[in-house]
């Protein structure tokens, strides 16, 4: 297969979550695609933006969830239709999706169900709804822990060589003293910038670079 033209290269990041409202389930998905130029500076920018995109997507999804829950007012009490009827296919599919999200085997799921007094074979709608709530709480907690660990790991890493090269290149183009700017922005010398601090500096300087370029074209 021939390689895509440079102008078609892109980076895509998707964030998915599911929420349960009464007997219904809603899946929300946020996807962002960014074009990538061939030079290392822009590639590094896309890599650095990955984590920042994730955080923005998570915040956007949480806002959507809050809005949906507000619309699902207390006036429409959350009840399970026919709670004694067998668990619906939708409920069982949602349990399977949560099992996958948790990274559990069938044995682990069955063991958890047994510990909480559920028989997966004979689940009725009411039991399935309560069981889904248990799994969703675990999945949400697992996700919160993973995000916190990723944030700590990302923030604690030193700036990469590509980031340092991008900073040096931008500083030359903009006529800035990188060490002085690092001290001003983060109170550390350029050599001690973290990965996240370097990403922030690169993003700010690239924005400044584009602004100056636009102003230059207008004045020219």
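The values are calculated or read from the model by the stated rules, or taken from the named source; none is laboratory data. Model, not experiment: these values are computed from the prediction. Note that each Cβ is placed from the backbone with ideal geometry, even for glycine, and that neighbours are counted across all protein chains shown.
Just a few scattered comments:
- Among the residues making up the range 84-113, those that are assigned to a loop (DSSP other than H, G, I, E, B) and under 14 Å from residue 132 (Cα atoms) are 87, 88.
- Evaluation of residue 150 against (1) in contact with a helix residue (DSSP H, G or I) (Cβ under 7 Å, 6 or more places away or on another chain); (2) modelled with pLDDT under 90 (one fails), failing number: (1)
- Qualifying residue in the range 114-125 (condition: touching a residue at least 24 places away in the same chain (Cβ under 8 Å) and assigned to a helix (DSSP H, G or I)): yes
- Residue 173 meets the conditions (1) under 30 Å from residue 89 (Cα atoms); (2) not assigned by TED's automatic domain parsing to the domain that holds residue 94 in every case but one. The failed one is (1).
- Only residues that are within 29 Å of residue 150 (Cα to Cα) and assigned to a helix (DSSP H, G or I) were counted in the range 166-207, giving 29.
- Residues that are within 19 Å of residue 158 (Cα to Cα) and more than 28 Å from the chain's Cα centre (by Cα), drawn from the range 172-220: 178, 179, 180, 181, 183, 184, 187, 188, 189, 190, 191
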